[in-house]
Amino acid sequence: MMNQKKRQRLNIESDGTTATVGLDQIEIWDGADLALLREVLSELIDKESFKSIGVDLQSVKYIPSGFFGMLFEWYEDGINIRLHSPQPNVEQMLWFRMFFRRETTGAFTLNDEAVRNHTPNQQVEYHKREFTGEDVETEELIEATRTPSESAWQPQS
């Protein structure tokens, strides 16, 4: 368990299924804030067995890009990731716009299901086109990004 002084900087709420963490009223996260957040979320996932986590972003104006990479690692491990109350400038961050989808509740969920079982090159190309607003169907896009050596490629089950 982490020490009490560190926990005082955090707001942790749980409904029994999802744990949501916030960092005081810190507007710009630095490396130390990110390390603290990683430690807390790791504890919630690994020791307390939460399969769904949330991060309250209501006061945050800037997030280091490492934050999104950290979340994606857990997402890849099957953890459901939600971000709550992001400010407009956070919503405009490239990673946020490419990988988070608004839910009916107003929260944003990390979601990469459209190209989950495709090659990294296909995933990147899909997200580039989706992000730029090109109207291309997923299967057409995947076909267009295949190299000759991938002609027999099939999604993994």
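Every number here is computed from the coordinates shown, using simple stated rules; none is lab data. Keep in mind that what you see is a predicted model, and the values were worked out from it rather than measured. When we count neighbours, we look across all protein chains shown, and the Cβ atoms used for this are built from the backbone with ideal geometry, even at glycine.
Relative contact order of the range 4-111, taken over Cα pairs closer than 8 Å and 6 or more residues apart, is 22 percent.
On the basis of the beta-carbon distance and an R0 of 30 Å, S85 and T132 show a calculated FRET efficiency of 0.65.
With θ taken as phi - 60° and the Karplus curve 6.51 cos²θ - 1.76 cosθ + 1.60 applied, the whole-hertz 3J(HN,Hα) list for the range 52-61 is 9, 10, x, 10, 7, 10, 4, 9, 7, 9 Hz, x standing for glycine and proline. Given R0 = 30 Å, the distance between the Cβ atoms of F72 and D24 translates into a calculated FRET efficiency of 0.75. The trypsin sites (Lys or Arg not before Pro) of the range 31-67 meeting both criteria, a DSSP state outside H, G, I, E and B (loop) and at most 16 other C-beta atoms within 10 angstrom of the site's C-beta, are K51, K61. 3J(HN,Hα) along the range 24-35, derived from phi through the Karplus expression 6.51 cos²θ - 1.76 cosθ + 1.60 where θ = phi - 60°, amounts to 5, 10, 6, 7, 10, 7, 10, x, 5, 5, 5, 5 Hz, with x in place of Gly and Pro. In terms of surrounding Cβ atoms within a 10 Å radius of their Cβ, Y126, Y75, Y62 rank from fewest to most as Y62, Y75, Y126.
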